[in-house]
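The values are calculated or read from the model by the stated rules, or taken from the named source; none is laboratory data. Just so we're clear, the structure is a prediction, and the values are computed from it rather than from any experiment. Ideal geometry is used to build each Cβ from the backbone, glycine not excepted, and the neighbour counts take in all protein chains shown.
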Ligand SMILES: Nc1ncnc2c1ncn2[C@@H]1O[C@H](COP(=O)(O)OP(=O)(O)OP(=O)(O)O)[C@@H](O)[C@H]1O
């Protein structure tokens, strides 16, 4: 699942683990970040922090891929706010059946959630919307401002139950060297 901060990805993931018939893992980029030493991270200067964050995200992609390649089913929860992240996922997830789900939410509701949760600066989500959904191709899209978490989870489950129809990742791979490669901020890992 890809969506901006506060869009509801983790909430949907938690619901999916209840709803899906097989045992899925929930792996979120926040979870990997939480495994890193906070004390040593706060000591880093801006350049070193950028490197560490990029390595954290690249490591997250590979950790999810490794789990999937070992036969596990994963609900991956990510914020694809830089073009290299999607390009890296397309490469790392080769040979893995990925259902790419876009998680949307209205701006008003995002602001309301940010004010309520207070652990994310208000405006974070708004600044992410354009880069996060820039590729604009998904297998399925849900909106947590118009549907409940339960309804979003049910739609994803239904899609998975239909079996392999088409895959956005296959389509994105064919354009990865053109459209995605032209976007700004596209440092390779
Ligand atoms: N459908 C909803 N209705 C009301 N509140 C919601 C809904 N979905 C999520 N929230 C609230 O919004 C906040 C963010 O939700 P959640 O953690 O699931 O989002 P996220 O996309 O994983 O965010 P982040 O990427 O910042 O971790 C939580 O406080 C959650 O309770």
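Of note:
- Being away from the ligand (no atom under 16 Å from the Cβ), surrounded by 12 or more Cβ atoms within 10 Å (Cβ to Cβ) and modelled with pLDDT of 95 or more is a property that holds for residue 49.
- Residue match in region 55-62 (condition: in contact with a strand residue (DSSP E or B) (Cβ under 8 Å, 6 or more places away or on another chain), modelled with pLDDT of 95 or more, within 16 Å of the ligand (Cβ to nearest atom) and within 21 Å of residue 140 (Cβ to Cβ)): no
- Counted residues, region 76-132 - those being exposed (fewer than 14 other Cβ atoms within 10 Å of the Cβ), more than 9 Å from the ligand (Cβ to nearest atom) and more than 17 Å from residue 64 (Cβ to Cβ): 9
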